[in-house]
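First up is the structure itself, then whatever we jot down about it.
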């Protein structure tokens, strides 16, 4: 079963300098019980994608085309505020990047966890008991006592654990993790990744894991999606994409990952060129200005070429990219 | 020749700048309204003698307590004096005190602020303590104490306003001076042996004066209120001089029978404070949106 | 927390001491001899001399000051010139009326200002926001004594909805509240404007915070997010604002007490001036100054109690 099925989603933002197309024909699937990674540079549309799924686009943002099917039935694009609120935090939960600012500073952790359960009809005692259980699951020591404490009394790593506990409190079927480890240092990062993996198995939810850290994605995710300038340029199983990348951007991205470099380079490689201006998208392929394979055909919109049942790349030249891995 | 050019350009720019600011004020409805009120108040004070033939102080017992009419636009008070005339002439006193007292406070604030910011650390701390202490007296209580000893007078009003305003201005100037003290151009001037006086007047003062002028212009309605308030209590302008506060007091005593006296005394205060405040708010937004954060 | 509270109170004591030096210096520097001021123009030189030595004015200045300072510390603010009653008793007799007035003004300003600021923030940029914005500036601009006199004229004299004079029958709470309504509103209405503006600004800032995004992502209702999650943070600066504004309110209270003929410190001082009862004036000024400094310190301490972030950083 597919928990989240995004089909040809396009999102525009109205800005003073004109309309900015932040997402163009984005398609992706999150199957049940799977961890799907989304990778891309900053500004590639990862946050817009999350906000569109959560129905939290800024006031100037608008979905212009496409569908977001959740659990096979409701199209989140056309869901009203009340219906969306009933899903958020209950069926779709989110862990955000910045653990320092993600919790309300003047309310106790226990109060915030109780508030999330406001639809459950449980008594205050039952709510607290569940919160304690969840905090124990994310390995917060002495949870009964810490429920009364305020966010600033916890360390950064602990706050992120609490945020995860809050997200999983209502046993959602989809957990969106928006760069949950970026603000943490490396040792904490490993611990959080392990924790997420564990909990996902225990609870049996799907995870949409956003990161720009390829190593984390490789470690954690079953499938992955590569985004560039508001488009999904390639998606497939993590194995396929790491071993047989077919989009020129994915190839370059993998080549730039310091962890994958065969030997120590004096200077880290980068992709030459810059992101295209999203207010004035190039005709056809978004990556053509930085691509070595670009030719005349690239100025028409490339098709989503199916390379296997699950592996898709949005490129005209998938034949030429076959074989030799980066 | 070259000097001519140097002087000419900035002044022409300045005229253009004033024009720009004026246009931006008028574009805001609130700013246009405030400016209109201020212009009316100022003109009616300046041309008081032209606008009315009645004397503000001449007693006319036969015409006591006359309600508003064509002869007496705002009516007369308990001594038969024409209230319209008293209001216009009272405006002169209110505006003169507002400008004079604000100017004096500015000078005081700038001098003390520069000393606190540029002088030795101990002096800075001592002055800050003094400023805090002055601020801990409620304005009216300070005024009451002063007037008990000096007796009511214009001078007492002036002293109160200066005492109340100086700490605020000085604090701002001090903070700005502290920041500028270690700025590059000041360090450079200092290393080239510029005197303290030169550094303060050439390098620091021009950079700190802008925001303080805007703040001072926003304090004008406050000063108008202090003068009117003290005169209402009989601690400010002495009778028979016309003052809006004094008219209010005359009216307050007779509020049950002759409501128009109170109305005549209060209206100009309301119009003036509103006008200057709306204008000041708009000015601040136009000139320096950063100041808005200070609220 | 306790150490912070003590430190804050210590600073308050220093400020009061400096204020006392200034008060004393002012009396000393300003021409006009307290004794002759007290006795009036018809006093003979002998009478003035006698009063001067009774008041200690013939002593060297520093002895005068320390006598003034240490007796004030003991609560001795001198005696009333005419009746001979201790000044402190006279002042404390009037203090509750003024405190009630200020408490009333704070209630008005908080009860009206916080909701208005909140509405303005929620309706940001709309018509309601603009109206609230303009009204806030207007009530801040117009001096409170003009508001007091006009509200007396409209509500007490013309419409006769509320009583015009006095503080109400002793022991009758309803009557006292009725008498409190107009004067406290006259003082508080300007603060409605201050608080509305401040709450609006801090509300807008808070609504941008990432924890508000979290709350949204957890499906909390907009109502709960605005009025519980954001407002809890946005009202914190109100305490500081009111703490700083207390001096301003005392000033306004003087006018309100005179306009509405209410007993209180302001009226006490005003009447003391007209009969040149000079120890009462300095005594009352000193008490209000101490009051101001204490309230300021309390506001800082209260912020610590209300904001868990501050609370912990102080421990």
Cα centroid of segment A:4-78 to Cα centroid of segment A:206-245, whole Å: 16
Nitroxide proxy distance, nm - points 7 Å out along Cα→Cβ at residue A:256 and residue B:64: 9.2
Per-selection Kirkwood Rh - the protein assembly as shown (Cα, Å, 1 d.p.): 33.2
Three principal axis lengths of chain A [C-alpha, angstrom, descending]: 66, 48, 40
Cβ-Cβ FRET estimate between residue A:126 and residue C:294, R0 fixed at 41 Å, reported to 0.05: 0.35
C-alpha long axis of helix A:156-168 to longest principal axis of chain A, angle in °: 90
Inter-probe distance in nm under a simple model that places probes 7 Å from Cα toward Cβ, at residue B:178 and residue A:186: 4.2
Highest to lowest packing among A:50-56, A:281-287, scored as the average C-beta count within 10 Å: A:50-56, A:281-287
FRET efficiency, 1/(1 + (r/R0)^6) with R0 45 Å, evaluated for residue A:197 and residue A:320 via beta carbons: 0.80
Estimated inter-spin distance, residue B:36 and residue B:150, nm [label 7 Å along Cα→Cβ]: 3.9
Gyration tensor over alpha-carbon atoms, segment C:92-274, equivalent ellipsoid semi-axes in Å: 36, 16, 15
Average beta carbon contacts from partner chains per residue of A:105-116, 10 Å cutoff: 4
For segment B:33-287, alpha-carbon Rg relative to the globular expectation (2.2 N^0.38 Å, N residues): 1.21
Partner chain coverage, peptide B:228-234 - average Cβ within 10 angstrom: 4
Cα-based helix-to-principal-axis angle, C:87-122 vs chain C, degrees rounded to 10: 20
Scattering curve values for segment A:105-169, log₁₀ I(q)/I(0), Debye with Cα scatterers, q = 0.14, 0.23, 0.25 Å⁻¹: -0.33, -0.92, -1.09
Helix-only [θ]222 nm of chain B, DSSP H runs n ≥ 4, -39500 (n - 2.57) each, per residue, nearest 500: -25000 deg cm²/dmol
Per-residue Cβ neighbour rank within 10 angstrom, fewest leading, A:305, B:282: A:305, B:282
Rg/Rh (Cα only; Kirkwood hydrodynamic radius) as it applies to segment B:179-295: 1.25
Ordering of A:224-233, A:104-113 by burial proxy (mean other Cβ atoms within 10 Å per residue, highest first): A:224-233, A:104-113
Theoretical ellipticity at 222 nm over chain A - DSSP helices of four or more residues, -39500 (n - 2.57) apiece, nearest 500: -8500 deg cm²/dmol
Tilt relative to chain C, helix C:236-259 - C-alpha long axis, 0 to 90 degrees, to 10: 50
FRET efficiency, 1/(1 + (r/R0)^6) with R0 22 Å, evaluated for residue C:159 and residue C:111 via beta carbons: 0.50
Computed [θ] at 222 nm, deg cm²/dmol, chain C (DSSP H ≥ 4; -39,500 (n - 2.57); rounded to nearest 500): -25000 deg cm²/dmol
Alpha carbon convex hull of chain C, volume per residue in cubic angstrom: 175
Distance histogram for segment C:171-315 (every C-alpha pair counted, 5 angstrom bins, percent rounded to whole numbers): 2, 8, 12, 14, 15, 14, 11, 8, 7, 4, 2, 1, 1, 0
Cβ neighbours within 10 Å from other chains - mean over C:246-259: 4
Relative intensity, log₁₀ I(q)/I(0), of segment A:16-144 from a Debye sum that treats every alpha carbon as a point, q = 0.19 Å⁻¹: -1.29
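Taken together, the values in this text are just the output of simple stated rules run on the coordinates, not laboratory data. Because the structure is a prediction, the values reported are computed rather than measured. Ideal geometry is used to build each Cβ from the backbone, glycine not excepted, and the neighbour counts take in all protein chains shown.
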